[in-house]
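Below you'll find the structure, written out as structure tokens, and then a few comments.
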4 protein chains.
Amino acid sequence: MSHNTFGHLFRVTTWGESHGPALGCIVDGCPPGLPLTPEMLQVFLDQRRPGTSRFVTQRKEPDAIKILSGVFEDDRTGGPVTTGTPISLMIENMDQRSKDYSEIRDRYRPGHADFTYDAKYGVRDYRGGGRSSARETAARVAAGGVARQVLGSGITLRACVTQIGPHKASPNRNWEHRDTNPFFAADEAVVPVWEKFLDETRKAGSSAGAIIEVEAVGVPAGWGAPVYGKLDAEIAAALMSINAAKAVEIGAGFDAAMLSGETNADQMRSGEDGPEFLSNNNGGIAGGISTGQPVVARLAIKPTSSILTAVQSVTREGENVEVSTKGRHDPCVGIRAVPVAEAMLACILADAKLRHRGQVG
Amino acid sequence: MSHNTFGHLFRVTTWGESHGPALGCIVDGCPPGLPLTPEMLQVFLDQRRPGTSRFVTQRKEPDAIKILSGVFEDDRTGGPVTTGTPISLMIENMDQRSKDYSEIRDRYRPGHADFTYDAKYGVRDYRGGGRSSARETAARVAAGGVARQVLGSGITLRACVTQIGPHKASPNRNWEHRDTNPFFAADEAVVPVWEKFLDETRKAGSSAGAIIEVEAVGVPAGWGAPVYGKLDAEIAAALMSINAAKAVEIGAGFDAAMLSGETNADQMRSGEDGPEFLSNNNGGIAGGISTGQPVVARLAIKPTSSILTAVQSVTREGENVEVSTKGRHDPCVGIRAVPVAEAMLACILADAKLRHRGQVG
Amino acid sequence: MSHNTFGHLFRVTTWGESHGPALGCIVDGCPPGLPLTPEMLQVFLDQRRPGTSRFVTQRKEPDAIKILSGVFEDDRTGGPVTTGTPISLMIENMDQRSKDYSEIRDRYRPGHADFTYDAKYGVRDYRGGGRSSARETAARVAAGGVARQVLGSGITLRACVTQIGPHKASPNRNWEHRDTNPFFAADEAVVPVWEKFLDETRKAGSSAGAIIEVEAVGVPAGWGAPVYGKLDAEIAAALMSINAAKAVEIGAGFDAAMLSGETNADQMRSGEDGPEFLSNNNGGIAGGISTGQPVVARLAIKPTSSILTAVQSVTREGENVEVSTKGRHDPCVGIRAVPVAEAMLACILADAKLRHRGQVG
Amino acid sequence: MSHNTFGHLFRVTTWGESHGPALGCIVDGCPPGLPLTPEMLQVFLDQRRPGTSRFVTQRKEPDAIKILSGVFEDDRTGGPVTTGTPISLMIENMDQRSKDYSEIRDRYRPGHADFTYDAKYGVRDYRGGGRSSARETAARVAAGGVARQVLGSGITLRACVTQIGPHKASPNRNWEHRDTNPFFAADEAVVPVWEKFLDETRKAGSSAGAIIEVEAVGVPAGWGAPVYGKLDAEIAAALMSINAAKAVEIGAGFDAAMLSGETNADQMRSGEDGPEFLSNNNGGIAGGISTGQPVVARLAIKPTSSILTAVQSVTREGENVEVSTKGRHDPCVGIRAVPVAEAMLACILADAKLRHRGQVG
């Protein structure tokens, strides 16, 4: 993780501001010969796209992905495949409406990065948060689509929202329901609860936080590079780098602190294909290396900072002011973080796969 | 974070196994001219040292640090200062008692990295967990001592245990009490509770987890490198890389998911030295950049996996067995993680300081 | 240097193929507040642009640079300045004429990377060499323009051709002549010699190599990071990464091997602003750190591999064939490498400046 | 290449000063299961060791290597093998004789890094050049021994001196002679010429430079990572980072600039195992990727800067002085650079092998 790049062998570098002409990423180090079309990436971008329900921002962005390099016709199949060279992906910004943001030019929006970017750089693109906007995550989702090709069909990546505000979904995941509701809930019963809660939240000019669970099923044992490139350390960094993320846990996470040693330990029995675990409190990672069980992580997304309700703040010149954000914002930005969390996990795992293959063969 | 190295400009590489002849680290990129003696580092190593109370392992290790390079006499003061070249630090292992570990040669201890190291590498130093042993963290603590010199006296680093098993300390930190009890508790009242709980845990042949809070006071606004080298992303990786860590949160952390937007936003008022924040739910970091408020993080440490109570497991050859660990182990390994968490935060901040200075001047 | 990225704090990542829709780069880690417009970069791209004389390829490419991110209006001056976030630069390919390349689809052009890309990746964009085309260097030149802003006006970067084929320019550099001839020669007298030689070379269906000298005047003493990030090691890698480069030397270079110790040593005398050197055999670098003298390097560029004269080769299927390249090619590709060498040196120095500032302040 | 670390997957970090207690390195990312004993490394260290003839320094150093971590008994063979964890290697300095160096404490030795280290860091270990001493290369040679195990017996690494001062060896390499003379000459006839020349040089209180050729036979086609991690770019950096190196070339190198396109191009014919090349002007690398031919590089080493003959210099305080170096020095430091060049090439190739395997499988 270095400035705007992450990954070691499978490397992603993103660029672009919320209201610039475009945003995008370069995916470098991708293995050659993998089928790749814009359509394969678009399906994930469409999950993150604004305007899909009343619970997310109404900004109009088709988020159409273009592949500018790194893909060429395969001489056997004739279809487009990766060539092993850098894959440049670009999304043009369509709905820029800069005028919406003119009044926040000089005032710092609490909870946003307005003040800190100014403190660091002394200059910032104030339109929609500029580089700090969650719009940057579109590039991550595109890169995640490439990473899925690296991982192949043997690994299933999936994420869902497990909590919005104080309302938790059932701990039993019904993945078949995830795409039948606007919340990426893997639980039918919680949908009306969250609808009601978020409608009230929106009407109150407020916003809500969320917890997301993301998992990868089918990861073989042995991925990860102790002791500082541990798989869980890399996942923690990747998820914490998502806009508005404030916490990450693996497996039992914070609850592990409350368990006894014998309850927490994932005991083993001999199985047909090697050891089988009797539980997965470790979330599929021990000593920084994958165990072969599902890799399971959760992250907390704080409530959207852009709200109608006025909050106290200051201007660049040090005057006290009140700030309230008009315009199109997500009442719960955590919802659209679901495909982003999947994408980040995909990228980390693709990199771990290549690094493991590099060291161990 | 790459294999056994972390940091960009201030870089730490550690080496060594639990029962090898020695362990240590190289600290590279340290600014020149900083006073550095073994004694300055030993004070932190002594906090992490085993055998200081009945609540930690009784292994006898003086953990005496040696400086092998990178320090030379300053021609003005005559005292030893860093020269800007790699600082090699070494600790010799004294109490190796390899015989204790002979019986776990072929059986995987649940919760440990025995199985995953074998799955990855096909060979492992089974004595005391080898490279995956928490003994590696001694090298981190030494490196953290160097990092503190980089940060200078204007930044205060401190950590404490806030929870052991189900028992929480008071949310009010009384830092003056932290070093007057064997738990690094910043709360006098919780000490007898934890004593009783851990005595019972130990007698039951079990172990307990813990939650640790670590903070840095005095960090100026502007450190951190968005969007993948965000300060919170780097802290998350650094803390999650600590042995037995399963969760990390910044500021309000998971609780932020339950707050409303207006409650969570750290509102600002104009102060004498720039903006002042009315709360610190963001834990001193917004958009991946420090705000000038205290940087606050917490991590969960799972219960020690080495316990007297027998748990089910398998051998390398796939036979079902029971494993119970005799010998000297920490009933709550989280306690000794306190100086480690401080050290990791110190290293991340030292690196952030240098990188910020590099980019912005 | 990692795949398609180089630099540590000032980092450049390039992408794009010769006949894809576009090519470009991301410059990450640039200090904020530096004036930057497309025009500032275009002046260097125009030096590298094809079609400027009969001695370079006639491909028609305006090489118009676009800035897609990382630059915003300065609130004090109103002018465009860097914001400290990734600067995305793009050049659209205009003159793609893919049909020219259809016949080399299956045959390896000797001297080119056709065979090795195939051996490595098993698939390649054969149009104009794809990723291995010297067209990629346009992105380096653009990045170099940004690096010059980092270095500021106190450092003068300049390069010239010192030899084409067997014909050497005078060792006295007359820099004022460099831009008055199509060869970047800092020597008027050699111009007609090279004209005659290259006209003959071109008519013979052949090509010629060249030697380029590049220097930076005004670099302060102290830049560079021993012992593997030595300034000369980084310059060597940067210049050797230029297409068709086969050799790099610093200062006296290979000639140093023939000097006696006392002749080669750059003796010193006390001067007004510190030590003054009586010679510059070290090329401005000692122990990997700049001395304050001009940093001087040379690189050899092999003759263009694309020639009209038929040479023996094989097809992908292993048949023996003859290959002769029709179409628009540089008779001496070394000429257009001059602005590229300047750009690479600029990027390395910008990175060295930031890293030195980071470590030493 | 970052400060004192190089490599991406196979990573080497070195530490230590000429007259400190010890020096060493950490080799990280090494594949597991490779046999490794101190004796395997010592054979290469003995080639670099001082005191082996009158043509190299007489400093008494056994250079005995210790392996402190990363190696453990293989449960199948019982022999010591790499475990995939960091390999810490250490050499204790025996013959420190610090008093020899007291007079250079305040005066800068021309050609050495004394002035530049002071300019950069403001403090330096002046004893024997401290960190800038060629003694650091012992750690490289040790690391190179590990790299050879990664490369395996199918790849032959060998280097020889091809020129000392103005005297060139025959272009025909007779490798069987290389170890029968004190110069690593692969040419019997040149040995008496060099003996006479270096004896005269030494008596004159002077020193001589040298050119070294290093090659790797058996490298398969496909290693290298264009376009900034090109194999030749990495070799250039690695060789240029060797003390006193001033130039690097690959294959025909600078001579390539004088050849015609058709002479320089390595033409191909169909062979039994794929394409065969009719020449090797490219030195086994095209487009930054290995071709399958021998990888061939040369480097120039400047004459030893420490000479008996007095040269002009200044003190730290700016006084003009004369400097002449007494004590034990190499009249031609290039000789002992031969095993160092082999080691650096071995490390670069080991890393390229792992990275290629990582990306392409």
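Take residue A:272 and tell me if it is surrounded by fewer than 16 Cβ atoms within 10 Å (Cβ to Cβ), more than 7 Å from chain B (Cβ to nearest Cβ) and over 23 Å from the mean Cα position of the chain (by Cα). Talk me through it step by step, then tell me what you get.
On the way: surrounded by fewer than 16 Cβ atoms within 10 Å (Cβ to Cβ): yes; more than 7 Å from chain B (Cβ to nearest Cβ): yes; over 23 Å from the mean Cα position of the chain (by Cα): yes.
For residue A:272, the condition - surrounded by fewer than 16 Cβ atoms within 10 Å (Cβ to Cβ), more than 7 Å from chain B (Cβ to nearest Cβ) and over 23 Å from the mean Cα position of the chain (by Cα) - is met.
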(request) Determine whether region C:223-231 contains at least one residue that is in a helix (DSSP H, G or I) and modelled with pLDDT of 95 or more. (result) yes
(message) So residue A:95 passes all but one of these: (1) surrounded by fewer than 24 Cβ atoms within 10 Å (Cβ to Cβ); (2) out of contact with any Asp or Glu (no Cβ under 7 Å at 6 or more places or on another chain). Which condition number does it fail?
(response) (2)
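Can you go through B:227, B:214, B:219 and tell me which one is facing chain A (nearest Cβ under 8 Å) and buried (at least 24 other Cβ atoms within 10 Å of the Cβ)?
Unique residue meeting the criteria: B:227.
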(request) Identify, from the list D:153, D:88, the residue that is among the hydroxyl-bearing types (Ser, Thr, Tyr) and in a loop (DSSP other than H, G, I, E, B). (result) D:153
(request) Give the residues of region D:34-53 that are surrounded by fewer than 18 Cβ atoms within 10 Å (Cβ to Cβ) and in a loop (DSSP other than H, G, I, E, B), sorted by residue number. (result) D:37, D:51, D:52, D:53
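With the structure loaded, tell me whether residue D:111 is at positive phi and either surrounded by 24 or more Cβ atoms within 10 Å (Cβ to Cβ) or out of contact with any Gly (no Cβ under 9 Å at 6 or more places or on another chain) (or both) or whether it fails that test.
So residue D:111 passes the test.
Right, residue C:284: more than 7 Å from every other protein chain (Cβ to nearest Cβ) and out of contact with any helix residue (DSSP H, G or I) (no Cβ under 8 Å at 6 or more places or on another chain) or not? Walk me through how you get there before you give the answer.
Details: more than 7 Å from every other protein chain (Cβ to nearest Cβ): yes; out of contact with any helix residue (DSSP H, G or I) (no Cβ under 8 Å at 6 or more places or on another chain): yes.
For residue C:284, the condition - more than 7 Å from every other protein chain (Cβ to nearest Cβ) and out of contact with any helix residue (DSSP H, G or I) (no Cβ under 8 Å at 6 or more places or on another chain) - is met.
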(request) Starting from region A:15-33, take each residue that is more than 17 Å from residue A:66 (Cα to Cα) and at the interface with chain C (Cβ under 7 Å from one of its Cβ atoms) and list its partners that are among the hydroxyl-bearing types (Ser, Thr, Tyr) and part of a strand (DSSP E or B), counting only C-beta distances under 8 angstrom and pairs at least six apart or across chains. (result) A:32/A:82; A:33/A:82
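Mind checking whether some residue in region A:195-203 is under 30 Å from residue A:40 (Cβ atoms) and either in contact with a Pro (Cβ under 7 Å, 6 or more places away or on another chain) or crowded, with 21+ Cβ neighbours inside 10 Å (or both)? Steps first, please.
In the first step, residues of region A:195-203 are kept if they are under 30 Å from residue A:40 (Cβ atoms); the result is none.
For region A:195-203, residues under 30 Å from residue A:40 (Cβ atoms) and either in contact with a Pro (Cβ under 7 Å, 6 or more places away or on another chain) or crowded, with 21+ Cβ neighbours inside 10 Å (or both): absent.
Taking only region A:104-163 into account, find how many residues are of a type in the set (Gly, Ala, Ser) and more than 30 Å from residue A:82 (Cβ to Cβ).
Filtering region A:104-163 down to residues of a type in the set (Gly, Ala, Ser) leaves A:111, A:113, A:119, A:122, A:128-130, A:132-134, A:138-139, A:142-145, A:147, A:152-154, A:159.
The next check asks that each one be more than 30 Å from residue A:82 (Cβ to Cβ); those that pass are A:111, A:113, A:119, A:122, A:128-130, A:132.
The total comes to 8.
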(message) Among the residues in region B:58-75, are any part of a helix (DSSP H, G or I), more than 27 Å from residue A:237 (Cβ to Cβ) and more than 13 Å from every other protein chain (Cβ to nearest Cβ)?
(response) no
(request) Please go through region C:115-145 and pick out each residue that is outside any loop (DSSP other than H, G, I, E, B) and over 17 Å from the mean Cα position of the chain (by Cα). (result) C:115, C:116, C:117, C:118, C:119, C:120, C:121, C:127, C:128, C:129, C:130
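On the basis of being farther than 30 Å from residue D:77 by Cα and either surrounded by fewer than 21 Cβ atoms within 10 Å (Cβ to Cβ) or at pLDDT 95 or above (or both), does residue B:88 make the cut?
Values: farther than 30 Å from residue D:77 by Cα: yes; either surrounded by fewer than 21 Cβ atoms within 10 Å (Cβ to Cβ) or at pLDDT 95 or above (or both): yes.
Spelling it out, residue B:88 is indeed farther than 30 Å from residue D:77 by Cα and either surrounded by fewer than 21 Cβ atoms within 10 Å (Cβ to Cβ) or at pLDDT 95 or above (or both).
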(request) Hey, can you tell me all the residues within region C:166-185 that are in contact with a helix residue (DSSP H, G or I) (Cβ under 9 Å, 6 or more places away or on another chain) and either assigned to a strand (DSSP E or B) or surrounded by fewer than 24 Cβ atoms within 10 Å (Cβ to Cβ) (or both)? (result) C:166, C:167, C:168, C:170, C:177, C:178, C:179, C:180, C:181, C:182, C:185
(request) Give the residue that is farthest from the chain's Cα centre (by Cα), with candidates limited to residues of region A:151-170 that are within 24 Å of residue A:211 (Cβ to Cβ), away from chain B (no Cβ under 14 Å) and among the hydroxyl-bearing types (Ser, Thr, Tyr). (result) A:170
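If I filter region B:339-356 for residues that are facing chain A (nearest Cβ under 8 Å), assigned to a loop (DSSP other than H, G, I, E, B) and in contact with a strand residue (DSSP E or B) (Cβ under 9 Å, 6 or more places away or on another chain), do I get at least one hit? It would help to see each step written out before you state the result.
Filtering region B:339-356 for residues facing chain A (nearest Cβ under 8 Å) gives B:356.
Still in the list and also assigned to a loop (DSSP other than H, G, I, E, B): none.
No, that holds for no residue.
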(message) Of everything in region A:286-328, what is in contact with a Lys or Arg (Cβ under 8 Å, 6 or more places away or on another chain), at pLDDT 95 or above, surrounded by 24 or more Cβ atoms within 10 Å (Cβ to Cβ) and polar (S, T, N, Q)? Give them in sequence order.
(response) A:313
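From the list B:190, B:123, B:146, which one is among the β-branched types (Val, Ile, Thr) and within 17 Å of residue B:335 (Cβ to Cβ)? Steps first, please.
Working: B:123 fails: within 17 Å of residue B:335 (Cβ to Cβ); B:146 fails: within 17 Å of residue B:335 (Cβ to Cβ).
Residue meeting the stated conditions: B:190.
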(message) Can you confirm whether residue C:148 is under 20 Å from the mean Cα position of the chain (by Cα), part of a helix (DSSP H, G or I), in contact (Cβ under 8 Å) with a residue 12 or more places away in the chain and surrounded by fewer than 24 Cβ atoms within 10 Å (Cβ to Cβ)?
(response) yes
(request) Considering only region D:2-33, state which residues are in a strand (DSSP E or B), farther than 11 Å from residue B:86 by Cα and not small (Gly, Ala, Ser). (result) D:6, D:11, D:12, D:26, D:27, D:28
(message) Of all residues being over 29 Å from residue C:302 (Cα atoms) and not aliphatic (A, V, I, L, M) in region C:244-266, which is farthest from the other protein chains (Cβ to nearest Cβ)? Just the residue, please.
(response) C:263
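Can you confirm whether residue A:277 is modelled with pLDDT of 95 or more, farther than 17 Å from residue B:323 by Cα and surrounded by fewer than 24 Cβ atoms within 10 Å (Cβ to Cβ)? Walk me through how you get there before you give the answer.
Working: modelled with pLDDT of 95 or more: yes; farther than 17 Å from residue B:323 by Cα: no; surrounded by fewer than 24 Cβ atoms within 10 Å (Cβ to Cβ): yes.
No.
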(request) Of the numbered conditions (1) small (Gly, Ala, Ser); (2) buried (at least 24 other Cβ atoms within 10 Å of the Cβ); (3) within 7 Å of chain A (Cβ to nearest Cβ), residue B:238 fails exactly one; give the number of that condition. (result) (3)
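So, in region D:290-320, exactly how many residues are in contact (Cβ under 8 Å) with a residue 12 or more places away in the chain, in a strand (DSSP E or B), facing chain C (nearest Cβ under 8 Å) and over 22 Å from the mean Cα position of the chain (by Cα)? Before the answer, list the steps.
Narrowing region D:290-320 to residues in contact (Cβ under 8 Å) with a residue 12 or more places away in the chain: D:290-317.
Adding the requirement that they be in a strand (DSSP E or B) leaves D:290, D:295-301, D:311-315.
Those still in the list that are facing chain C (nearest Cβ under 8 Å) too: D:290, D:300-301, D:311-314.
When the remaining residues are screened for being over 22 Å from the mean Cα position of the chain (by Cα), the result is D:311-314.
Total satisfying the criteria: 4.
The values are calculated or read from the model by the stated rules, or taken from the named source; none is laboratory data. Remember, predicted model here, so these are calculated numbers, not experimental data. Heads up, the Cβs are rebuilt from the backbone with ideal geometry, glycines too, and the neighbour counts pull from every protein chain shown.
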